[in-house]
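Trainee: One structure, as structure tokens, below. Some questions next.
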Amino acid sequence: MNQEAFGLIFTGEHNPYMRDLVLSRAVAAVPFGGRYRVIDFVLSDLVNTGIRNVGLIVQKNYHSMMDHLGTGKEWDLNRKRDGLFLLPPFSTKDNTGVYRGDIDAFHSIMQYIRRSNQRYLILCGSHIVFNTTFDAILRQHRDTGADITIMYNEDPRFFPEEQNRDLRLLLDDDGMTVKRLEWNPRNPGSNFRSCEVMIIDKDLFEDLVEESYSRGAVDFVREVLLPRVRDLKIMGWRYDGYVGRIDSINTYFMHNMELLNAGAARDLYNMRHPIYTKVKDEIATRYGDWADVHNVVMADGCMIDGTVEDSILFRGVTVERGAIVKNSILMQGVTVRKGAVLDHVILDKNVTVNAGRQLTGYEGIPLVFRKNLTV
Amino acid sequence: MKKKIVCMLLAGGQGSRLGVLTSSMAKPAVPFGGKYRIIDFPLSNCVNSDIDTVGVLTQYRPLALNAYLGTGQHWDLDRTNGGVFVLPPYMTEHDGRWYSGTANAIWQNRSFLDQYDPDYVLILSGDHIYKMDYTKMLKFHVANNAAATIAVLRVPMEEAHRFGIMNTDEAGRIVSFEEKPKIPKSNNASMGIYIFNWKLLRDYMERDDADPSSENDFGKNIIPNMLNAGEKMVAYPFEGYWKDVGTIQSLWEANMDLLGETPVLDLNDPAWRIYTRNPVMPPHYTDHNADVKNSLVAEGCVVRGSVRHSVLFCGAKAEARTEVVDSVIFPNAVIGESCVVNKAIVGENAVIGERVQIGVPPKDGETVDNHLTGDIVLIGNDVTIPADTVIPRGAVVTAETLGQFTNGGMKA
């Protein structure tokens, strides 16, 4: 168990590039990887580090998140001492219930932060998936005496038209000390991108939040970290495993599909630190006599009697006889009726595609059908 | 706090007819249906029937069962008042003994029952696969004002001699009971599901306990005694799937019953889910060259070969160019490349090497001890089979018997 650190996950951010997938949910609650939600990864990373105190800041549209997390028992966070704390906004005389940015949120939950009796805070975003523990970054943070340690990885892929919370680290010759930070740069000076995880001493975090709140600052990274790179000791901690940034429909599609490659699957589905999620008590998946399935990641509870290739199927998907599904993501409860043909589509939960329909997107432009739609 | 009904689940048996499958666990913990254990069925039936207090009686490896059940949270049985309890035999300051029979197991735990002061007690066996709403049976019991109600299933007359048979009058009242009769008078087979009025049962068990000649068994002693005393005992007719999975053959058959376009046993029933301790595993992966048809595949599996008419449990692997047919592959078993697996039950964590052939017809003069298995091959839990081994039909392979298949000229 790790008694030294507690976790705080900020899920309040909005991302317009996720379009229909975030109509009724936060990015953190978007289904990912066949049976998970995006949030399961960072939450499991914390739990697998032995963190027993996790605060989760939610803002709008947090019904599906509450439904998903419940009391936290699937993550073993239904504890009497510490555990999982859902931190929704509430209206007071100086708070209207809507955060302008993360500093507002941090300020309004200061009581929770003060009450946490661990020394280090692991501050996490909620739209990046990776599977690791934070033991090594915590060790480095302690050993270097840094004020703030930011987890980063090397990611040469750059999609300028969908740039979102893109924090880049420019390092000193020692390969650790951050000498400059870039926020949504037009011409990035580095491929070292923040994984939206930083370790910071709790006391320092309190000071930084209260000071910046009092001068009306809104965004922690842009208005606190960037201007103070030189007077705070900020270090980077490099992670070399698979990192998926869910910034847009395109990256969402891309990172799901990468789970069909052994490398990404080995990292994200690493059984040494399992990813926990809400259990649905589905039966095992049933393949029929006409099933023809190749290169597919598939969760429990599916009924497959058609052709499925190069796709990700979540729990409880039905593909009837003669239907053809290629290069697609089918979320929980989707039904594809007889003879329908799908290529490069994302079907949100409980979408039904009627018999004989043909839905075709293109590489880089997947078609998205929102929750509960019948096509 | 008082409960209307409490369930006592007889999970006791070592299950010797399941052979090596139960060498390290009690029969109720044997895997079933891709992701379940046998005990998940009676437990889920209880929860779905709003019975929230279950005592699990076992004297064989209680630790494994205890670890599996935990706080009962996976069955929604982590209750403030009630829940699931493993009840092994224990010592008191006066005496202590193993459970001498099914009735004795309940009798020894009368104080567990007394603390809930139940009106009724539901008694179940831990080795049957079925879905049943016990609420309906209880209503039937109450409506009939019965002392005891026994659930019965109509079985084919020619198989009736394998069961406990309840002979009833037209009103459904039980007039006599015969255990495995040579010439059955009826085909109402007892399903091993009883509802008793607790106070009355307690009296009968007390008298039975005082009788040194008694075997302290429900079927042999308690039920006949109650019948002889003229208690009103009624048969509750059940229609639906029910299977005793106490043998290798029936365990294999019950798994196969889950397959097909309209399976004989359909577990995909949102109104009657079977709960289990779900292992934390990623979705399963079916690779480019895999060919899976008419099979169940659970999470955590990796399939690279061909799988036909089979059940793959969580974390099982079938590697490239391997053919798995008519088989049941238990959790985390790995079947290496280029194997042939025909009509087998492969135990948990078993590792099958490359080019192993399982279930081939025996050669001339070759004899196989298959009294437990018939034509099904049984590979024990945790057994590692070296590459190129040939396992004949009906064989039982354990760490001890492995040598006779890898040596002695049986190699391919």
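The values are calculated or read from the model by the stated rules, or taken from the named source; none is laboratory data. Model, not experiment: these values are computed from the prediction. In this analysis, Cβ positions are derived from the backbone assuming ideal geometry, glycine residues included, and neighbour counts consider all displayed protein chains. To get the accessible areas, we keep the full protein, side chains included, count just its heavy atoms, and leave off ligands, DNA and RNA. Shrake-Rupley method; radii C 1.70, N 1.55, O 1.52, S 1.80 Å.
Trainee: Return one whole number: the accessible area per residue of chain B in Å², for a 1.4 Å probe.
Mentor: Here the residues of chain B average 41 Å² of exposed surface.
Trainee: Another question about this same structure. Treating the angle as unsigned and between 0 and 90°, give the value, to the nearest 10°, between the Cα long axis of helix B:134-143 and the longest Cα principal axis of chain B.
Mentor: Helix B:134-143 sits roughly 20 degrees off the main axis of chain B.
Trainee: Okay, moving on. Can you pull the percent of the range A:1-118's accessible area that's carbon plus sulfur, 1.4 Å probe, other chains left in place?
Mentor: Taking all protein chains in place, the range A:1-118 shows 49 percent carbon and sulfur surface.
Trainee: Another question, then. For chain A, report the translational diffusion coefficient in µm²/s to the nearest whole number, using Stokes-Einstein at 4 °C, 1.567 mPa s, and a Kirkwood Rh over Cα pairs.
Mentor: Translational D for this selection: 60 µm²/s.
Trainee: Once amide H atoms are placed 1.01 Å from N in the peptide plane, what residues at a sequence separation of 5 or more from A:Thr318, or on another chain, have their amide H within under 5 Å of its amide H?
Mentor: Here the answer is A:Met303, A:Val334, A:Thr335, A:Val336, since their amide H atoms fall under 5 Å of that of A:Thr318.
Trainee: Under a point-charge model restricted to the Cβ atoms of Lys and Arg (+1) and Asp and Glu (-1), what is the dipole moment magnitude of the range B:209-359 relative to its Cα centre, in debye to the nearest 20?
Mentor: 420
Trainee: Answer with one residue from B:Ala235, A:Ala265, A:Ser24: the one whose Cα lies farthest towards the positive end of the charge dipole of the protein assembly as shown, charges on Cβ with Lys, Arg +1 and Asp, Glu -1.
Mentor: Farthest towards the positive end: A:Ser24.
Trainee: Specify which residue in the list A:Asn53, A:Asn327, A:Asn184 is farthest towards the positive end of the charge dipole of chain A, using unit charges on the beta carbon of Lys, Arg (+1) and Asp, Glu (-1), about the Cα centre.
Mentor: The listed residue farthest towards the positive side: A:Asn53.
Trainee: By how many degrees, between 0 and 90 and to the nearest 10, does the Cα long axis of helix B:198-210 differ from the longest principal axis of chain B?
Mentor: In chain B, helix B:198-210 runs at an angle near 80 degrees to the longest axis.
Trainee: Project the alpha carbons of chain B onto their principal axes and report the range along each, largest first, in whole Å.
Mentor: 65, 49, 48
Trainee: For chain A, what does -39500 (n - 2.57) per DSSP helix run (n ≥ 4), summed and divided by total residues, give at 222 nm, in deg cm²/dmol to the nearest 500?
Mentor: Result for chain A, helices only: -5500 deg cm²/dmol.
Trainee: What are the radius of gyration and Dmax of the range B:315-370, computed over its Cα atoms and given in Å?
Mentor: 11.7, 38
Trainee: Further question on the same structure: Counting helices only, and only those DSSP H runs with n ≥ 4, report the 222 nm mean residue ellipticity of chain B as the sum of -39,500 (n - 2.57) divided by its residues, in deg cm²/dmol to the nearest 500.
Mentor: -4500 deg cm²/dmol
Trainee: May I ask for the net charge around B:Glu178, where only other residues with Cβ less than 14 Å from the Cβ of B:Glu178 are counted and Lys, Arg are +1 while Asp, Glu are -1?
Mentor: +4
Trainee: Any chance you could run the full-extension gain for B:Asn268 through B:Asn145? It's 0.36 nm times the residue separation minus the Cα-Cα distance, nm to one decimal.
Mentor: Once the chain is fully extended between B:Asn268 and B:Asn145, it gains 40.7 nm.
Trainee: Quick one: which residues, 5 or more positions from B:Thr168 or on another chain, have an amide H under 5 Å from its amide H? H modelled 1.01 Å from N in the peptide plane, none for Pro or chain starts.
Mentor: B:Val175
Trainee: To the nearest 20 Debye, how big is the dipole of the range B:140-184 about its Cα centre, given +1 on the beta carbon of each Lys and Arg and -1 on that of each Asp and Glu?
Mentor: In debye, rounded to 20, the range B:140-184 gives about 100.
Trainee: In addition: Ignoring ligands, DNA and RNA and using a 1.4 Å probe, state the total buried accessible area between B and A in Å², rounded to the nearest 100.
Mentor: For chain B against chain A, roughly 3000 Å² becomes buried.
Trainee: Any number yet on Rg/Rh for the protein assembly as shown, C-alpha, Kirkwood?
Mentor: Ratio of gyration radius to Kirkwood radius for the protein assembly as shown: 1.03.
Trainee: Just want to confirm a number: the relative contact order over the range B:167-235, from Cα pairs under 8 angstrom separated by 6+ residues, in percent.
Mentor: With pairs under 8 Å counted, the relative contact order is 45 percent.
Trainee: Right, another one. Positive end of the dipole of the protein assembly as shown, charges at C-beta (+1 Lys, Arg; -1 Asp, Glu), about the Cα centre: which of B:Trp75, B:Thr401, B:Ser327 has its Cα farthest in that direction?
Mentor: B:Trp75
Trainee: To the nearest 20 debye, what charge dipole does the range B:145-212 have about its Cα centre, counting +1 at the Cβ of each Lys and Arg and -1 at the Cβ of each Asp and Glu?
Mentor: For the range B:145-212, the charge dipole is close to 180 debye.
Trainee: Please figure out what share of the DSSP beta bridges in chain A is antiparallel and state it in percent, rounded to the nearest 5.
Mentor: 30
Trainee: Enter the angle in degrees (range 0 to 90, nearest 10) between the Cα long axis of helix A:38-48 and the first principal axis of the Cα atoms of chain A, meaning the one along which they spread out most.
Mentor: So the inclination is approximately 60 degrees.
Trainee: Within the set of other residues whose C-beta is less than 14 Å from the C-beta of A:Arg337, count the net charge using Lys and Arg as +1 and Asp and Glu as -1.
Mentor: Around A:Arg337, the charge tally is +1.
Trainee: Oh, and also: Give me the Debye-computed log₁₀ of I(q)/I(0) at q = 0.14 Å⁻¹ for the range A:70-201, equal point scatterers on Cα only, no solvent, two decimals.
Mentor: For the range A:70-201 at q = 0.14 Å⁻¹, log10 I(q)/I(0) is -0.85.
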